[in-house]
Amino acid sequence: MSTVSVRYIVDDVDAAIAFYRDRLGFRELMHPDPAFAMLTHGDLRLVLVAPVPAGHPGGGSRPMPDGTAQRPGGWNRFMLQVEDLPVVAVELRAAGVTFRNEIVDGIGARQVMIEDPSGNPVELFEPLRAEARLAPDNQPG
Amino acid sequence: MAADPLDALRLPVVPVDPRPEFTAALLRRITSAAEAQTRINEAVSGTSEEVGNIGLAIQRALDNAEQMQAQMQARAAAIDELIASGALERHVSSQPAPQPPQGLPIAARVRDNPTVRYFVGDLDAAIEFYCQHLGFEEELRSAPAFAMLYGGGLRLLLSVPGLPGAGRALPDGTVPAAGGSNRITVQVTDVTAAVAELRTAGVRIRADVSAGVAVRQALIEDPAGNLVELYEPAVGYHERPSAS
């Protein structure tokens, strides 16, 4: 059962589904509307929505009451644990994925930020200390 | 029945009684990972110093798993206390706790928590917001740059822009910032009541309750201006089958 849900705003839901499924191993749960899809990866549920007008039935990506449109981007992001980050990064680069930075060795983990086709960040990390590693296996469920 | 994300907090800790075939598969996987690491070490260092240490690596992996399980049990005990004290009841549904799936493999139990990083200008204010209003627990605080909170199955990392760690500038000088439209979503049992209570407490409501296709939802802001979505399942709400 997915216990955690994150909503990302994307320009193109189909392109986003392909990215999260083919590059990061997410599974598609539903895509009932061109502006809405729900994916899953382990205990994470990722809701992808494209901006819709105020009258649209989909409630998650309408403009704010003051008219502000919802947009992709920003810095807040979810994180995925990977094994052997340098190898993963090489593969993703070869597949044409955009990187915001180079791999950085932090205190607990080695990390890098990639972007989905709409420019939303996703952080990939590989624990550098035993206590930073919570899972023997990070395969999608 | 709709699942409350915080239901995970109420699951009793059941001693793991693995099936023998699963234990064997896990051991094979750990062994294979340790051997792979040894090969990498050899390739990097040009020596085979680690060759004799596969057993040691396996033991380390097993020790980590045990340590992890002990930590989870301690956490569950602490959460039981919180539930008993009523501290977690404010927005938590009153549905009966679901029974844990039987025969769940160890790997599923020790899976990493989904993790999200939010940028906040004021670390203390953000910690107070998430703990007081949304029932998160503080796991660690490395002031002034970083904190780690847990809420339901979510691990929320808070980083301060411009400070060491994830808040530092990118190579091109760009500094991370709070805000944007992407957000975590938190399930509540009565979104109207939750919004009313939060408003009274002085929390900024970015978008009041509205109806979507299968949920009723609202957007609130943390003190740094990051969005948090509150939602209440309605007719047609999708729930992933629990036997995944």
**OP:** Note down the accessible area of B:E128, probe 1.4 Å, to the nearest 10 Å².
**Re:** 100
**OP:** Determine how large the accessible area of B:L219 is when every protein chain is in place; take a 1.4 Å probe and give Å² rounded to the nearest 10.
**Re:** 10
Original post:
For A:D33, what accessible area in Å² do you get when you roll a 1.4 Å probe over the heavy atoms of the protein chains, rounding to the nearest 10?
Top reply: 50
Original post:
Ordering A:D11, B:D7 by how much accessible area each has at a 1.4 Å probe, largest first, what is the list?
Top reply: A:D11, B:D7
**OP:** Run the accessible area of segment A:1-128 with a 1.4 Å probe and give the carbon-and-sulfur part as a rounded percent.
**Re:** 53
Subject >> Largest-first ordering by accessible area, 1.4 Å probe, given options B:D222, B:D63, A:D66 >> reply: A:D66, B:D63, B:D222
**OP:** Take B:D63, project a point 7 Å from its Cα along the Cβ direction, then tell me which residues of segment A:82-111 have their backbone nitrogen under 14 Å from it.
**Re:** none
Original post:
Taking the Cα atoms only, what angle lies between the long axis of helix A:13-22 and the longest principal axis of chain A, rounded to 10 degrees?
Top reply: 20
Original post:
Using 13 Å as the cut-off for backbone N distance, which residues of segment B:203-220 belong to the label zone defined by a point 7 Å from the Cα of A:D66 along Cα→Cβ?
Top reply: B:204-208
Subject >> At q = 0.11, 0.15, 0.21 Å⁻¹, base-10 log of I(q)/I(0) for segment A:1-138 (Debye sum, equal scatterers on each alpha carbon) >> reply: -0.43, -0.77, -1.32
Original post:
Interface B/A, total buried accessible area with a 1.4 Å probe, nearest 100 Å²?
Top reply: 4400
Original post:
Using the alpha-carbon atoms, what tilt in degrees (0 to 90, nearest 10) does helix A:85-94 show relative to the longest principal axis of chain A?
Top reply: 50
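The values are calculated or read from the model by the stated rules, or taken from the named source; none is laboratory data. Quantities reported herein were computed from a predicted structural model and do not represent experimental measurements. As a convention, Cβ positions derive from the backbone with ideal geometry for all residues, glycine included, and neighbour counts pool all protein chains shown. Please note that ligands, DNA and RNA were not included when accessible areas were found on the heavy atoms of the full protein model with its side chains. Shrake-Rupley method; radii C 1.70, N 1.55, O 1.52, S 1.80 Å.
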